[in-house]
Ligand SMILES: [Mg+2]
């Protein structure tokens, strides 16, 4: 479901982050730090959405729009959190998609 290239990047980045930031951290601490990071990244998506609809001050609008990059950050940090928690994200996505497709609207 998720591309090999992305999963290999997550593997490398997880290792790099663990070596740089989490040498003495427990699994619980890493999970909570990644959740905090995810919250930060979701906030950045909000910021970009507000800018998309010109609902921001001029100096923010002048910085241009990075909605695509911020959405990518959310996906990457989510995958890093899943990796830390040993979530089989491929399997979870397949199950979730099946459930969503069975919904009636
Ligand atoms: Mg970001």
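Each value in this text was obtained by applying a stated rule to the coordinates, not by laboratory testing. Predicted model, so just to flag it, every value in this text is computed and none were measured. In this analysis, Cβ positions are derived from the backbone assuming ideal geometry, glycine residues included, and neighbour counts consider all displayed protein chains.
Key figures for this structure:
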{"quantity": "Residue check for residue 93: in contact (Cβ under 8 Å) with a residue 60 or more places away in the chain and either away from the ligand (no atom under 15 Å from the Cβ) or surrounded by 13 or more Cβ atoms within 10 Å (Cβ to Cβ) (or both)", "calculated": "yes"}
{"quantity": "Lone qualifier among 81, 7 - being within 16 Å of the ligand (Cβ to nearest atom) and either in contact (Cβ under 8 Å) with a residue 12 or more places away in the chain or not in a loop (DSSP other than H, G, I, E, B) (or both)", "calculated": "81"}
{"quantity": "Top-ranked residue of region 55-78 - restricted to ones that are more than 12 Å from the ligand (Cβ to nearest atom) and not in a helix (DSSP H, G or I), ranked as surrounded by the most Cβ atoms within 10 Å (Cβ to Cβ)", "calculated": "56"}
{"quantity": "Qualifying residue in region 44-54 (condition: away from the ligand (no atom under 16 Å from the Cβ) and out of contact with any strand residue (DSSP E or B) (no Cβ under 9 Å at 6 or more places or on another chain))", "calculated": "yes"}
{"quantity": "In region 10-24, the residues that are in contact with a helix residue (DSSP H, G or I) (Cβ under 7 Å, 6 or more places away or on another chain) and in a loop (DSSP other than H, G, I, E, B)", "calculated": "22"}
